[in-house]
Amino acid sequence: MIMNDLRVMAALAGIFFGLWPLFMNRSGLTGNVSSAAFCVAAFIGVLPFAIKSGVASLATANWLMVAFAGLFGALGLLSFNGMLAGSSIQNVGNMFVLMTVVQIVVASVYQAMMNGHVSIDKIGGYVAAAMAAYLLLR
């Protein structure tokens with residue numbers, strides 16, 4: 001049951017992460033300003049849930065990992081929103097596909113490193129991802 005809940009949450013995250021950039025692309029904001037506006041809106045949206053679930057985990061958090069996550073997230077957000085602001089409505093989908101394929105490969109490489117090996121299935125997946133990106137971006 002928990003796995004199904006996690007899959008539903010993953011699918012919902014995919015939907016929402018797929019939608020917000022398409023709206024931001026049409027906002028008319030520049031990349032850095034749209035990053036700041038997004039952060040403010042997201043903070044306001046997330047804060048009530050964080051408060052409700054309690055903040056006890058702040059005391060035991062690995063703050064170095066939090067700092068790295070925040071740094072990479074900020075750099076990614078600035079890069080992503082810079083891309084969104086510079087993309088036309090006609091080519092934003094292609095840029096989004098490229099970013100998504102790269103993100104999938106990063107997650108897959110991380111999983112392979114955590115498992116300590118790369119299976120033939122994973123290698124096939126990397127090849128398929130590269131082919132999908134090539135075909136979708138032509």
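Odds and ends about this structure:
- In the set (1) surrounded by 10 or more Cβ atoms within 10 Å (Cβ to Cβ); (2) under 23 Å from F23 (Cα atoms); (3) of a type in the set (V, I, T); (4) touching a residue at least 12 places away in the same chain (Cβ under 8 Å), the condition left unmet by V105 is number (2).
- Within the range 80-92, the set of residues being open to solvent by 80 Å² or more (accessible area, probe 1.4 Å) and of a type outside the set (V, I, T) comprises just one member, Q90.
- Checking each residue in the range 22-47 for being of a type outside the set (G, A, S) and outside any helix (DSSP H, G or I) picks out R26, L29, T30.
- Filter result for the condition that a residue is open to solvent by 80 Å² or more (accessible area, probe 1.4 Å) and within 22 Å of W20 (Cβ to Cβ), over F68, F49: F49
- Residue count, the range 29-46 (criterion: in contact with a helix residue (DSSP H, G or I) (Cβ under 9 Å, 6 or more places away or on another chain) and either in contact (Cβ under 8 Å) with a residue 40 or more places away in the chain or exposed (fewer than 10 other Cβ atoms within 10 Å of the Cβ) (or both)): 7
The values are calculated or read from the model by the stated rules, or taken from the named source; none is laboratory data. What you see is a predicted model; the values in this text were computed from it and never measured. Methodologically, a virtual Cβ is constructed for each residue, glycine included, from the backbone with ideal geometry; neighbour enumeration extends over all protein chains shown. The accessibility values were calculated without ligands, DNA or RNA, using every heavy atom of the protein model including side chains. Shrake-Rupley method; radii C 1.70, N 1.55, O 1.52, S 1.80 Å.
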